[in-house]
Ligand SMILES: Nc1ncnc2c1ncn2[C@@H]1O[C@H](COP(=O)(O)OP(=O)(O)OP(=O)(O)O)[C@@H](O)[C@H]1O
Ligand SMILES: [Mg+2]
């Protein structure tokens, strides 16, 4: 997502925006992913305070320190089950609204606004349900009591660092793919769209993006595979220890070789399956030609 | 926001009139509508904030850690009394490549002139604009130097480039046309200065000699009589083998690469990875198209396996499991050697796929035309298909080179002291331990990686354009 | 460039044949690409149901001129009025004009990811808010008209060039435009296909469609055109009825051009 936005930003008419996007892309694309991850890690380590003086923004609903991040989360009350059912119903109603608007559009040509209608239905029913049940759930905020995290959802920092680092890195690659694929759409297509009086949204939605997506799909799958493979670098955060860890395991009853092999097999299966699926979809997507 | 691509397109088509004032430029490019104005203001604030912050940071940080460890970062633990090897090898490289590239430039310039095209001779200024990131990095390094020799060395190197560029341009045509063999020889020499003349260096010297002999002999013995044919096929092998033995017998002692380190090792590992991955990858690619199920199966399994698992797991495998598999009687190769082998195989798998793509891009009519003229299958591959395929995949290959360059940072995880590893090493030195200077070192290393990778990717885009023009 | 060697420059192309009112009016239109002046002082009117054929050497600005009419290129000076609407920078204004003008391109520019039917119904449904069934009915009628109803469910990549171009014509007709702009619609086609596309265009002309055609098909110009406009170096050099134009050209430039191609 971030990648797509940045890819489009690079094509923006706003000079500053496109330059910043370019700098971002060219920076992250050209340094090792390992460096991105450890850099994120170090920056988080330095930027966030230690546990004792954790940063508690928004009236202590969040916890940020350099070991863990805590976010508020939902805890169900008595009627939470009922509420879940209502949310499900709201979802169904939204789908129904969506279909209704599409049908209407097909039948009479009235602009459908189906996103608006669908969302509106969903939100309306959910809110009504929420009020009717008198607040079926509570929000718990994380707290630190005697060094133990209570309530909310917490995320350990290395994990957060790996995720953030990988997302930043992968986004820079995806941005390039998106940009390239949009530029690869023939100029004549845009002109034809223009000549048919499509507005800029319609042009993107019906002409440019469907074609760009077909171009971008294989490299995107590839990026996705890279993302999963790179996530193996999660090991490497504080990589000084990893050799130590595995060596330690070796020193004991050496489960490490097996572990490593299992890990490799898992990755292998994962990437084979994914690329098989990717190929399949890609074949379906191919534009029919002679 | 959505009409961006096309708006930009039209902006490109209708270039700004020469009489645009800065004010008009600002209006057109930053405040051309409400949305953009808001974006500009918001981003402007953020950018200014970040710039101020990072300037403050740069001014305040302790760069002493880089200053002290500069040599480590560059060349690792290379001993002082062996430094002459590094300098000599660097200068040999600079000289041959300076001469070689500009000789080639002169050749293609003449080619183009023959075809009636005019190509501007690339001036030193062009070179500067193409390679500025690396120059900036070199300048950064020099500015951290504590003693004079490296500064002088760099100045000598840069002026060496300038001199050799002119020298290469001025060479007579027959020599110029042999620019590539010359660069190959230069590389071998510079390698030999570093690592001695035995083992791998001798082997590569033999291979290079074989290749050069093959191309030279086929120039002089063109006939199809048995004698010429014999010389053309037997000669290179004899010369190659002889070179191997002679070079090996010289017995010049080197400084083994097990003890290299820093950026030097990183670059070296990348080059070796690609250089040895290329022939293996080519074989794998051809093998994958083979009709023999055994060969094909092996190639497919190898390629898919290597591409399916993360490099780091392969490295860990080589580092922790491989030694267990060696029988005690055989001496296990060093960690770095094993890592290098993994890197070579890893890049071979990726290169194989790139080449396969290139092979598929060669129209079938080419093979058929060659078959029609009665060429043997091997010859068709070697003379018709491969050249076209390789040409088509050059950009992708450069891309692979770049990503391998970045990936070599992973050998740090198995404890090899390359460029990236010195972040950890320098921060665990007693003088800097616990001072929280990781960011400083990361920043330095990032600039290092970035300058090389960015330059290469710019170059590859340039190359892509050139090839595109050349094809049509 | 602004002074041509002989004769009058910018011959009067504002005189509409017949009694119809002008659908397109171009007044003193200039167009620059950077410092290069692609159009100089173009004055031209096109009346209702009129067929105007534009010819001229390559690079003379024919495409540029008709692309200015629906704002695929932005003209720099002068005025363009389409069906009473003056072309301005206002997006709504541009969209309105584009709704009233169809365009057929040299390279077809069909949308490769949509079926023939979807290509034709896309704009009516999205822009004119026409019901799907109705849009498809109209589309099928149009396909009958261009004689390829059996291709409706195929993708453009599966059609021959001539068929693709006829789909493109049907696509522009689907918006029910007041005028259609043709930019060398047959230049990318093989001879047999040229004929089928020209036939389609002829029947359109006979049915009273207003058309501006850039083409190198002199036979078509002679047969179908109400007026022929000759352009060179970004200017309109000569205008006349086909008979007058081909049999009795006035300008040296025109004679030279005709002698080269006939
Ligand atoms: N986007 C552009 N940027 C710069 N110059 C352009 C552009 N489009 C056209 N030109 C120039 O404007 C001039 C007129 O071009 P135009 O395409 O209108 O010619 P044409 O009469 O249609 O030629 P042809 O018969 O080859 O299609 C040409 O000299 C061309 O080089
Ligand atoms: Mg044209």
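Readers should treat all values here as calculations from the given coordinates under stated rules, not as data from a laboratory. None of the values given here were measured: they were computed from a predicted structure. Note: ideal-geometry Cβ built from the backbone for every residue, glycine included; neighbour counts use all protein chains shown.
Across peptide C:109-122, the mean count of Cβ atoms from other chains lying within 10 Å of each residue's own Cβ comes to 4. For the options C:34, C:78, C:102, a Gaussian network treatment of chain C with springs between C-alpha atoms closer than 10 Å singles out C:34 as fluctuating the most.
Every Cα-Cα pair of region C:112-262 was included, and the share exceeding 19 Å stands at 58 percent. Here the mean projected area of the convex hull built on the C-alpha positions of region C:53-114 is 5.7 nm².
Between residue A:159 and residue B:152, the distance separating the two model label sites (each 7 Å from Cα on the Cα→Cβ line) works out to 5.8 nm.
Each 5 Å bin from zero holds the following percent of Cα-Cα pairs in region C:11-137: 2, 9, 16, 19, 18, 15, 11, 7, 3, 0.
Past the 14 angstrom mark, what percentage of all C-alpha to C-alpha distances in region C:88-176 do you count? Above the 14 Å cut-off, region C:88-176 has 61 percent of its Cα pairs. Classify region B:240-395 as rounded, prolate or oblate from the Cα gyration tensor: take a ≥ b ≥ c as the square roots of its eigenvalues, call it rounded if a/c is under 1.5, otherwise prolate when a/b beats b/c and oblate if not. Judged from the Cα gyration tensor, region B:240-395 comes out prolate (a/c at least 1.5, a/b above b/c). Taking every DSSP beta bridge that has both ends in chain C, the antiparallel portion is near 55%. Rounded to the nearest whole angstrom, the semi-axes of the ellipsoid equivalent to chain C, taken from the Cα gyration tensor as √(5λ), stand at 31, 21, 16, largest first. The ranking of C:182, A:27, B:144 by Cβ neighbour count inside 10 Å, starting from the fewest, reads A:27, B:144, C:182. Converting the Cα gyration tensor eigenvalues of region B:72-171 into ellipsoid dimensions via √(5λ) gives semi-axes, longest first, of 32, 15, 10 Å. Scaling against 2.2 N^0.38 Å puts the C-alpha radius of gyration of region B:343-410 at 1.34. Which shape class, rounded, prolate or oblate, goes with region B:354-464 when its Cα gyration tensor gives a ≥ b ≥ c as root eigenvalues, a/c under 1.5 marks rounded, and past that a/b bigger than b/c marks prolate? Judged from the Cα gyration tensor, region B:354-464 comes out prolate (a/c at least 1.5, a/b above b/c).
Across C:211, C:193, C:26, mean-square fluctuation computed from a Gaussian network of chain C (C-alpha pairs under 10 Å connected) peaks at C:193.
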